[in-house]
Amino acid sequence: MKKVISTDLTTANIAKVMDVLAETAMQLEGLTTTLSEEQLRQPLGEGERSFTEDLAHLIHSEARTSEAIYLALLLEEPLIPDVHSERQWGKLLRYDLLSCPDLLIYFKLRRLVLLRVLASLTEEQWARPIREEGKKRKESVYWQARALAMHELDHLNDLQNKLKRRVG
C-alpha cells in the first residue's frame with residue numbers, strides 16, 4: 001500500500017512527514033543487514049541501480065532539498081538554482097563510489113541534522129516560501145520536506161520489492 005501525505009500544511013501532516021523522515025535511515029539500514037558489500041553493489045535488476053547507487057541518489061536528493069529548506073529559513077524567498085540532484089550534483093560529488101556502510105553513516109548524520117532543524121520550526125516557518133529557478137509557483141518548507149518524504153517512501157518500497165524478488 002502506498003502511503004500518501006496530504007499537501008495541506010497541518011500539525012498532523014507535519015507529524016507524518018517527520019515520522020517518515022525519521023524512519024528512513026533505519027529502514028535503509030535494515031534492508032542492508034543480510035547483504036554483502038558485493039551484493040550492495042550489484043544492480044537490483046536489468047538496467048537498474050545497485051542498492052549503493054540508490055542510496056547515493058537519496059543522499060543527492062536530500063542534499064538539494066535540505067539546502068532549499070535551510071535557505072528558506074535563513075533568507076526571504078530564496079531563489080534556488082535549477083541544479084539537478086542526480087545529473088549535476090551526483091556527477092560532481094560521486095557518492096556512488098563510496099561504500100554502502102559509509103553512505104549510511106553519512107545519510108544518518110545528515111538526517112539527524114535535518115530532523116533537528118525541522119523539529120524546531122513553528123507553523124509559520126513551515127510555511128516559509130521557496131522559489132525555484134524556472135518555476136512560477138512558490139513552494140514552502142513543508143512542501144519540500146513532504147516531497148522528500150514521499151520520494152524516500154517510493155524508493156524504500158521499490159528497494160524492498162526488488163530485494164524480495166532477488167531472494168525469492
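Just so it is clear, none of the values below were taken in a lab; they were calculated from the coordinates. Fair warning: this is a prediction, and the values are worked out from it, not measured in the lab. Virtual Cβ from ideal backbone geometry, glycine too; neighbours counted across all protein chains shown.
Listing for the model above:
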| item | result |
| --- | --- |
| Dipole magnitude (debye, nearest 20) for the chain, charges at Cβ of Lys, Arg, Asp, Glu | 200 debye |
| Within-10-Å neighbourhood charge of S6 [Cβ basis; K, R +1; D, E -1] | +1 |
| Neighbourhood net charge (12 Å Cβ-Cβ; Lys/Arg +1, Asp/Glu -1) for W126 | -2 |
| Convex hull per residue volume in Å³, alpha carbons only, for the range 124-168 | 71 Å³ |
| All Cα pairs of the range 92-167, percent lying beyond 20 Å | 53 percent |
| Using a Förster distance of 45 Å, the FRET efficiency for E46-T7 (Cβ separation, nearest 0.05) | 0.80 |
| Cα-projected label distance for D154 with E38, points at 7 Å along beta-carbon direction, nm | 3.4 nm |
| Filtered trypsin sites (Lys or Arg not before Pro), the range 97-142: DSSP coil and at most 15 other beta carbons within 10 Å | K135, K136, R137, K138 |
| Radius 12 Å from Cβ of A25, net charge of other residues (Lys, Arg +1; Asp, Glu -1) | -1 |
| The chain: calculated mean residue ellipticity at 222 nm from DSSP helix runs of at least 4, using -39500 (n - 2.57) | -20500 deg cm²/dmol |
| Y70-E124 pseudo-label distance in nm [points 7 Å out on the Cα-to-Cβ vector] | 2.4 nm |
| Count, lysine Cα pairs under 21 Å in the chain, 8 or more residues apart or across chains | 7 |
| Förster radius 30 Å - calculated FRET efficiency between K91 and E132, Cβ distance, rounded to 0.05 | 0.90 |
| Percentage, to the nearest whole number, of Cα pairs in the chain over 21 Å apart | 49 percent |
